[in-house]
Amino acid sequence: MKTRRRDYGILCRCIYQWTSDYDHYVSFLMAARKKYKIKSTCILLSDGDSWTNPVMKSQVASSYKLFGSFSCYHFFHGNVEAEANNFLNALKQVGADKSTVLMIDAEVRLANLTDKINEFIKIMNDHGYKHIYVYSMGSMLDYANNGIQTGKLKNAKVWIASYGPIKPGGADAWQFTSTANANGISFDLNQDYVGELANGIKEEVKQSAKKKPTYWQYGRLFKIKSDLKIYEDINFKRQTEGIYKKGSSISITKVIKPNGKDAELSRFQVDGGYVSANTAFSKRIK
């Protein structure tokens, strides 16, 4: 029977201390990728309201170079605003754009924990980060006031640590082991059921459609909205020394369509030559 191929990610908890041995870190990632077919990494950027990973920039660069993607996480202690600012600052330092997947690591029991997590998520959302996971061990998802109430989480997916062969219910991502090993280094492996963590977000770039220019088709008197050059010929190949300045008014001899067609290329015939009839340059008075 065919089984679904797993998409793995490394949860980088214990390797931030590699402050100088860059090649060692890269060789570790390459060994992990080869051994487990890992597709991306989730990199610890910040912890609490002040600590940041001293080698996060090189880790992000390495992950992006090897996998073409990365995600980032923050270890949460409940001081919402200060911790959010710490995380945002770290994201800025590593150049994480708004398509970056973020994870909130919530393993500390706190009063009103779910509300605090939602406040943290809202701050991330307000800064343009929309792809967010909340991570914790299965025992924290108990709906207690000081635990995580998954049904009340807003704008977040759930990443569950539960070691063993059975996927926990409701998991969008599953950390199923903490004993993967490459080059003598132990780390966590995670199965990605959504595809965001393993593949990165290919956010659609919504470019506003370039507005097609429009041209006046009739009129006798126009006010100039921006400086307008005058040309000797209707095809605008020979510019004169003349120019109509912004705010001035011009009387039009007639509106001409080059070659008798192509209304979108209309010109104004004026004393001394021709100017563009593009509506962006003039306002019709009469």
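The numbers here are math on the coordinates, done by the rules we state, and not lab data. These figures come from a predicted structure and were not determined experimentally. Note that we place each Cβ from the backbone using ideal geometry, even for glycine, and neighbour counts take in every protein chain shown.
Structural remarks
- Contact order, relative form, for the chain: 15 percent (alpha carbon pairs under 8 Å, 6 or more residues apart, mean separation divided by residue count).
- Cα-based shape type of the stretch 221-284, given that a ≥ b ≥ c are square roots of the gyration tensor eigenvalues and the cut on a/c is 1.5: oblate
- Rounded to the nearest 500, the helix-only mean residue ellipticity at 222 nm of the chain stands at -6500 deg cm²/dmol, with each DSSP H run of n ≥ 4 adding -39,500 (n - 2.57).
- Between K122 and K35, the C-beta separation translates, for a Förster distance of 51 Å, into a calculated FRET efficiency of about 0.85.
- Number of Lys pairs (Cα under 15 Å; 8 or more positions apart or on different chains) in the stretch 221-284: 11
- Placing +1 on the Cβ of every Lys and Arg and -1 on the Cβ of every Asp and Glu, with no other charges, gives the chain a dipole of roughly 1960 debye about its Cα centre.
- One chain, two ends: H24 and T214. Fully extended at 0.36 nm per residue, the span grows by 62.4 nm beyond their Cα-Cα distance.
- Cα-based shape type of the stretch 62-193, given that a ≥ b ≥ c are square roots of the gyration tensor eigenvalues and the cut on a/c is 1.5: oblate
- Relative to the longest principal axis of the Cα atoms of the chain, the long axis of helix 56-67 lies at roughly 80 degrees.
- Once you divide the Cα radius of gyration of the chain by 2.2 N^0.38 Å, the number left is 1.58.
- Estimated distance in nm for a label pair at N199 and K154, the labels positioned 7 Å out from Cα along Cα-to-Cβ: 3.0
- Residue of I123, I132, I243 that the Gaussian network model of the chain assigns the largest fluctuation, springs spanning Cα pairs under 10 Å: I243
- Summarising the label geometry, the points placed 7 Å from Cα in the beta-carbon direction at T279 and N112 lie 5.4 nm from one another.
- With Cα atoms, 0 to 90° folded angle of helix 80-94 axis to the chain main axis: 70
- Residue among L197, L221, L88 farthest towards the positive dipole end of the chain, charges placed on Cβ: L221
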